[in-house]
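My questions all concern the structure below.
No lab work stands behind these numbers, since they all come straight from the coordinates. Computed from a predicted model, the values in this text were never measured in an experiment. Cβ placement follows ideal geometry from the backbone for every residue including glycine, while neighbour counts extend to all protein chains displayed.
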Amino acid sequence: MDLHVHTIYSDGSSEPRAMIDKAVALGIKDLGITDHYGGLERYSIVSIARLDEYIAELTRLKQLYQAKIDVWVGLETAVLDDLPFSQLNKLDYVVFEDIEMNPRLGYFVSQVRPNLRIPVGMAHPQILLLEKSIDILEKEGIFIELNTHYSDRYRGNWARTVWNKLASKDIRISVASDAHDVRRVGDTGDAIRFIGENNLSEKVWLPKKNQRG
Ligand SMILES: [Zn+2]
């Protein structure tokens, strides 16, 4: 599985279809596309019209490929003032950057999360920063990514105590490469190894389980 990749809709350099074809060739069962929304126009989807186009094209591809692979329509964004919730609620899930700690996590939970009826996760969190947020993650059903593009954020002995606490809670973990072109699609081996080494396989999150988080 690979639940976080980018395409030409944001700062990736490959078409969605090329990313899906490569994932099929690799034998990947679940591919989540999570282009950026908000921020600089050069790197992100910034208009509602473009976001609608993105959702429509990926939904079409999801149906086209359903016999070969599960394609999930995701998005990566941040805590912005004017998030388009009616569009976001058409997605399979959304991952948020930079919400590991208060006060941003508190704002997310009180002002953003209540508007979302889809699963939400934390994009490539810095595990060490999660120590005081663990109970909130569990209560709010927020999954966390093991993102191999940022393996330094989850590996290392310094993170051990936090992982021990995370593992004892009902918190899901998603597997992600953050690929920006076809060459890195499915480059999730390090995350899968980490899950094996730390007995976390029961915690793995997939959109199809329709879990809240
Ligand atoms: Zn990303």
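When only alpha-carbon atoms count, how far does region 31-93 stretch along each of its three principal axes, as whole angstroms with the largest first?
38, 23, 18
For K90, give me every one of the lysines with a C-alpha distance below 24 angstrom, ignoring sequence neighbours fewer than eight places off in its own chain.
Excluding near neighbours in sequence, the set is K29, K62, K68, K139, K208, K209.
Order of 58-70, 13-25 by packing, highest average Cβ count within 10 Å first?
The peptides rank, most packed first, as 13-25, 58-70.
In a GNM of the chain with a 10 Å cut-off on Cα contacts, which of G12, G27, G141 has the highest mean-square fluctuation?
G27
Using the crude model of +1 on Lys and Arg Cβ and -1 on Asp and Glu Cβ, and no other charge, please compute the dipole size for the chain relative to its Cα centre, in debye to 20.
600
Do the sum for the chain: with -39,500 (n - 2.57) for every DSSP H run of n ≥ 4, divided by all residues, what is the mean residue ellipticity at 222 nm, to the nearest 500 deg cm²/dmol?
Result for the chain: -8000 deg cm²/dmol, rounded to the nearest 500.
Still on this model: Using every Cα-Cα pair within region 58-121, state what percent have a distance larger than 20 Å.
Of the Cα pairs, 33 percent sit more than 20 Å apart.
Taking N as the number of residues in region 159-213, what value does Rg over Cα atoms divided by 2.2 N^0.38 Å take?
Cα-based Rg divided by the globular estimate yields 1.26.
Please report the net charge: other residues with Cβ closer than 11 Å to the Cβ of R155, K and R +1, D and E -1.
Around R155, the charge tally is 0.
Taking each pair of distinct Cα atoms in the chain once, what is the resulting Kirkwood hydrodynamic radius in Å?
Kirkwood radius, the chain: 17.1 Å.
Something else: How far is the Cα center of region 27-52 from the Cα center of region 158-178, in Å?
25
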